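The values are calculated or read from the model by the stated rules, or taken from the named source; none is laboratory data. Computed from a predicted model, the values in this text were never measured in an experiment. Cβ sites come from the backbone with ideal geometry, for glycine too, and all protein chains shown count toward neighbours. All accessible areas refer to the heavy atoms of the entire protein, side chains included, with ligands and DNA or RNA removed. Shrake-Rupley method; radii C 1.70, N 1.55, O 1.52, S 1.80 Å.
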Amino acid sequence: MVTVSRTTVAVVGGGPAGVVLGLLLARAGIDVRVVEKHDDFNRDFRGDTVHASTIRLLDELGLGGRFAALPQSRLDDFSLPLPDGSRALLGDFSRLRPPYDHVAMVPQWDLLDLLVTAAREEPSFDITTGLAATDNTEENGVVTGVHLRPYRDLDGEAEELRADVVIACDGRDSVLRAAAGLHPRSFPVPFDTWWFRLPREPDDPATALVPAFSGTDVLLSFPRPDYHQVAYFAPKGSDASLRAAGVESFRARVARLRPDFAGRVHTIASMDDVHVLDVRMDRLTRWWRPGLLCIGDAAHAMSPAGGVGINLAVQDAVATAAILAPALGRGLGGADLDGALAAVQRRRTPPAVVVQTAQAFLHCVVFERAFAGALQAGPPLLPVLLARFVPPVRGLYARGIAFGPLPEHAPEWARRTAA
């Protein structure tokens with residue numbers, strides 16, 4: 001038996017992009033249903049940076065006070081280590097105008113709970129968890145909805161959710177994108193990332209982001225209120241050899257990179273505590289088909305270099321709402337609605353291209369050089385010299401990280417005064 005349901009906009013994927021889009025469309029009075037395959041948000045996310053562009057958006061939506069109340073730490077600058085043990089300050093967020101002068105580190109489940117709570121205050125918003133999209137439904141070449149089944153029981157009762165528009169926010173392995181025959185162009189990435197946690201001590205630095213290099217190893221740690229989220233980078237395809245070498249070898253790598261972590265690496269009990277991310281960077285040449293639009297990672301999977309993926313996806317969601325809501329409000333359909341979907345791609349492709357180009361540059365000048373052992377003598381000279389002797393450059397670097405290209409503002413109809 002298949003249950004048939006109906007909404008105006010079906011958003012598949014309850015990550016930051018999907019939930020922000022659902023909130024904004026609901027504030028426009030549009031019926032929207034967000035479908036998330038997991039039962040809740042209480043799981044381990046790797047990307048928990050909330051950049052200034054997203055913090056500003058939350059203020060515009062009247063949610064700044066709620067966000068500020070969440071447990072969080074902040075990053076106030078970005079530096080590269082020098083051979084003498086000092087560091088070269090590249091991005092100085094204090095040069096940005098407060099309160100948007102930092103990057104916040106917030107557990108993603110807390111951010112998503114905040115956004116869903118706000119969205120549920122709108123009568124036209126609905127969210128369903130525990131359902132996975134398995135395919136699109138189509139009529140005459142137009143996507144008209146999605147097939148859904150319980151995520152933990154694919155033999156359970158199916159649902160056909162019909163909608164005027166389906167928005168695929170289901171990530172870099174998007175089921176809906178593949179079902180629609182949309183295939184991304186992939187770009188080379190020289191590394192994968194291994195994530196793990198280490199305890200945080202009271203006197204650990206709280207606000208700086210400084211990578212560590214030793215030999216051909218690279219490590220980056222993000223301070224959280226109670227722990228460090230740590231990323232270890234190694235050449236792509238190294239997972240099998242790292243695991244074969246065992247946890248003692250991995251602990252030694254971490255201690256060599258960060259001697260201040262040597263007394264706590266024993267908390268990595270086994271390699272099961274180290275989770276590999278197969279890093280990809282790709283982008284669709286066409287983000288939409290009649291009735292369907294891909295945004296966020298479903299449209300452009302980002303490298304973790306710069307930590308901008310979540311924030312770029314949120315900006316996609318804001319642009320989508322700003323363009324789509326008026327079209328739906330005017331009752332547009334068919335080719336006119338297709339024009340709105342195409343307009344989203346036209347607006348959001350340039351920032352995706354800019355960010356991926358910058359990430360490819362970082363791959364070459366930082367990661368590939370690091371894996372070749374070339375960073376032992378110090379970081380790339382030109383950006384360090386510019387930041388040291390042309391101080392405004394530190395502000396430009398900081399703005400690029402904090403806001404990125406073409407940051408979006410909340411539409412006027414979605415704004416609220418903080419309670």
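Being more than 20 Å from PRO190 (Cα to Cα), of a type outside the set (S, T, N, Q), buried (at least 20 other Cβ atoms within 10 Å of the Cβ) and at pLDDT 80 or above holds for only one residue in ALA398, ALA387, ALA352, ALA414, and it is ALA414. When every residue of the stretch 287-304 is checked against the conditions, at least one turns out to be at pLDDT below 85 and within 21 Å of the chain's Cα centre (by Cα).
Mind counting the residues in the stretch 130-163 that are touching a Lys or Arg at 6+ places or on another chain (Cβ under 8 Å), within 27 Å of ASP113 (Cβ to Cβ) and part of a strand (DSSP E or B)? The number of residues fulfilling the criteria is 7.
Please tell me if LEU242 is among the hydrophobic types (A, V, I, L, M, F, W, C), in contact with a Leu (Cβ under 6 Å, 6 or more places away or on another chain) and surrounded by 15 or more Cβ atoms within 10 Å (Cβ to Cβ).
Values: among the hydrophobic types (A, V, I, L, M, F, W, C): yes; in contact with a Leu (Cβ under 6 Å, 6 or more places away or on another chain): no; surrounded by 15 or more Cβ atoms within 10 Å (Cβ to Cβ): yes.
For LEU242, the condition - among the hydrophobic types (A, V, I, L, M, F, W, C), in contact with a Leu (Cβ under 6 Å, 6 or more places away or on another chain) and surrounded by 15 or more Cβ atoms within 10 Å (Cβ to Cβ) - is not met.
I'd like the full set of residues that are farther than 22 Å from ARG172 by Cβ and either in a strand (DSSP E or B) or open to solvent by less than 40 Å² (accessible area, probe 1.4 Å) (or both), limited to the stretch 271-287. Of everything in the stretch 271-287, just one residue is farther than 22 Å from ARG172 by Cβ and either in a strand (DSSP E or B) or open to solvent by less than 40 Å² (accessible area, probe 1.4 Å) (or both), namely MET271. Is it the case, given these coordinates, that ASP297 is under 30 Å from GLY181 (Cβ atoms), open to solvent by 20 Å² or more (accessible area, probe 1.4 Å), in contact (Cβ under 8 Å) with a residue 40 or more places away in the chain and not in a loop (DSSP other than H, G, I, E, B)? So ASP297 fits the description; yes.
For the stretch 50-65, a residue qualifies if it is in contact (Cβ under 8 Å) with a residue 60 or more places away in the chain and touching a helix residue (DSSP H, G or I) at 6+ places or on another chain (Cβ under 7 Å), and the qualifying residues are VAL50, HIS51, ALA52, SER53, THR54, LEU57, LEU61, LEU63, GLY64.
Output the number of residues of the stretch 311-343 satisfying the condition of being among the β-branched types (Val, Ile, Thr) and surrounded by fewer than 24 Cβ atoms within 10 Å (Cβ to Cβ). Please lay out each step first, then the result.
Keep residues of the stretch 311-343 that are among the β-branched types (Val, Ile, Thr), which gives 314, 318, 320, 323.
Pick out the ones that are also surrounded by fewer than 24 Cβ atoms within 10 Å (Cβ to Cβ) and you get 323.
Qualifying residue count, the stretch 311-343: 1.
A count restricted to the stretch 164-186 and to residues that are open to solvent by 10 Å² or more (accessible area, probe 1.4 Å) and assigned to a strand (DSSP E or B) stands at 3.
Quick check, is LEU182 modelled with pLDDT under 95, within 22 Å of VAL9 (Cβ to Cβ) and within 25 Å of the chain's Cα centre (by Cα)? In short, no.
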